[in-house]
1. For residue 232, are the conditions met, namely being under 18 Å from residue 146 (Cβ atoms) and touching a helix residue (DSSP H, G or I) at 6+ places or on another chain (Cβ under 8 Å)?
2. Is it true that residue 255 is assigned to a helix (DSSP H, G or I), surrounded by fewer than 19 Cβ atoms within 10 Å (Cβ to Cβ) and at pLDDT 90 or above?
3. Looking at 138, 156, 145 in this structure, which one is assigned to a helix (DSSP H, G or I), within 30 Å of residue 202 (Cα to Cα) and in contact with a strand residue (DSSP E or B) (Cβ under 6 Å, 6 or more places away or on another chain)?
4. Is it true that some residue in the range 95-113 is surrounded by 18 or more Cβ atoms within 10 Å (Cβ to Cβ), within 30 Å of residue 284 (Cα to Cα) and in contact (Cβ under 8 Å) with a residue 60 or more places away in the chain?
5. Restricting attention to the range 64-74, does a residue exist that is surrounded by 13 or more Cβ atoms within 10 Å (Cβ to Cβ), modelled with pLDDT under 90 and either out of contact with any strand residue (DSSP E or B) (no Cβ under 6 Å at 6 or more places or on another chain) or outside any loop (DSSP other than H, G, I, E, B) (or both)?
6. Given 316, 393, 412, 383, which one is in a loop (DSSP other than H, G, I, E, B) and touching a helix residue (DSSP H, G or I) at 6+ places or on another chain (Cβ under 8 Å)?
7. For the range 89-106, does any single residue satisfy the condition of being in a helix (DSSP H, G or I), within 30 Å of residue 226 (Cβ to Cβ) and modelled with pLDDT of 70 or more?
8. Being exposed (fewer than 12 other Cβ atoms within 10 Å of the Cβ) and within 45 Å of the chain's Cα centre (by Cα) is true for just one of 354, 312. Which residue is that?
């Protein structure tokens with residue numbers, strides 16, 4: 001380990017203490033954030049492992065059961081003059097054999113089909129997880145990007161107000177301004193600083209959320225904000241509902257239920273077991289060999305296998321009904337989401353294009369009046385505070401648009417180039 005002189009260590013610690021946080025920031029673009037979130041997700045990794053497990057089980061289900069080794073002693077006397085003697089009774093023999101159960105290939109194929117259907121169901125669930133991850137990461141990235149811009153705007157207003165309060169204090173010293181005006185101005189400034197602190201808090205929360213999703217320490221925005229004012233093409237595609245991951249997952253669940261129904265439909269097919277054995281007897285007797293066959297006898301299918309099949313059929317019909325209901329629900333949700341996006345976009349454009357320019361003009365007019373001696377500093381600060389409130393309203397409106405845009409853009413998981 002490198003040992004530095006004490007005065008150098010102290011200097012290094014002070015440099016670290018006063019080094020800006022941005023020096024340790026990691027620039028992240030929106031596509032990079034989406035990729036990082038998917039790579040960092042333990043839930044998505046678990047889904048991939050589950051798919052691999054089901055595929056392996058499906059391959060195993062196609063195989064016959066392992067053969068069985070059977071050995072032992074048959075017909076050992078337990079009484080009389082030959083009690084517990086192995087070689088005096090002609091029927092006593094040491095027996096060894098191999099037994100193999102033969103399960104119908106149709107049964108094995110349908111069991112494997114059920115497992116593969118379950119694998120596709122898990123894969124659909126993985127797509128749903130991916131879509132949710134992309135929505136969450138994109139939303140956190142948007143909140144951080146929009147929040148950073150808002151903080152810069154608010155900071156500029158607060159700095160200018162602080163500067164003018166300093167000038168006003170000089171006026172109090174010279175007798176050209178009343179002390180009460182400075183106190184009023186400071187109260188107005190504190191209110192503006194509170195809004196700035198809240199905006200900074202929101203930025204830090206968004207950064208923490210993005211770091212939690214992506215595993216990137218202290219992420220910082222890289223690149224421009226996507227054009228959220230334009231409706232995503234994914235929301236207007238004819239098959240947007242059918243390709244929704246939750247709908248695909250419900251469809252896969254229905255396929256699993258149908259596969260189980262197909263599996264139980266042939267449950268009454270009998271399995272066959274074949275045993276080949278060799279039996280050694282005493283020296284004075286001939287050895288024996290034989291073949292034994294066992295066959296299942298499904299004599300009561302009406303109260304057993306048929307009942308199971310009827311239950312599986314009902315489950316399949318239930319899954320189809322749930323799928324139909326889910327499609328209707330998502331269609332209504334998409335219509336609602338589009339209406340919310342359009343309304344939020346209209347409010348945002350009105351705030352950005354009408355309200356903020358008017359507030360900026362008002363600040364300019366009052367500042368001109370202040371320089372001409374026709375208004376006081378409090379009027380200027382109040383105008384700035386109104387502008388600050390309008391900028392916060394623009395930020396909130398843009399965040400609403402961004403949230404709806406993200407929800408529409410990532411209805412289904414998107415591949416990032």
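1. It is true that residue 232 is under 18 Å from residue 146 (Cβ atoms) and touching a helix residue (DSSP H, G or I) at 6+ places or on another chain (Cβ under 8 Å).
2. So residue 255 fails the test.
3. Selected residue: 145, the only one of 138, 156, 145 that is assigned to a helix (DSSP H, G or I), within 30 Å of residue 202 (Cα to Cα) and in contact with a strand residue (DSSP E or B) (Cβ under 6 Å, 6 or more places away or on another chain).
4. For the range 95-113, residues surrounded by 18 or more Cβ atoms within 10 Å (Cβ to Cβ), within 30 Å of residue 284 (Cα to Cα) and in contact (Cβ under 8 Å) with a residue 60 or more places away in the chain: present.
5. Scanning the range 64-74, I find at least one residue that is surrounded by 13 or more Cβ atoms within 10 Å (Cβ to Cβ), modelled with pLDDT under 90 and either out of contact with any strand residue (DSSP E or B) (no Cβ under 6 Å at 6 or more places or on another chain) or outside any loop (DSSP other than H, G, I, E, B) (or both), so the answer is yes.
6. Numbers: 316 fails: in a loop (DSSP other than H, G, I, E, B); 393 fails: in a loop (DSSP other than H, G, I, E, B); 383 fails: in a loop (DSSP other than H, G, I, E, B).
After ruling out the rest, the residue left standing is 412.
7. The answer is no, given that none of the residues of the range 89-106 is in a helix (DSSP H, G or I), within 30 Å of residue 226 (Cβ to Cβ) and modelled with pLDDT of 70 or more.
8. 354
The values are calculated or read from the model by the stated rules, or taken from the named source; none is laboratory data. None of the values given here were measured: they were computed from a predicted structure. All Cβ positions, glycine included, derive from the backbone under ideal geometry; neighbour counts span all protein chains shown.
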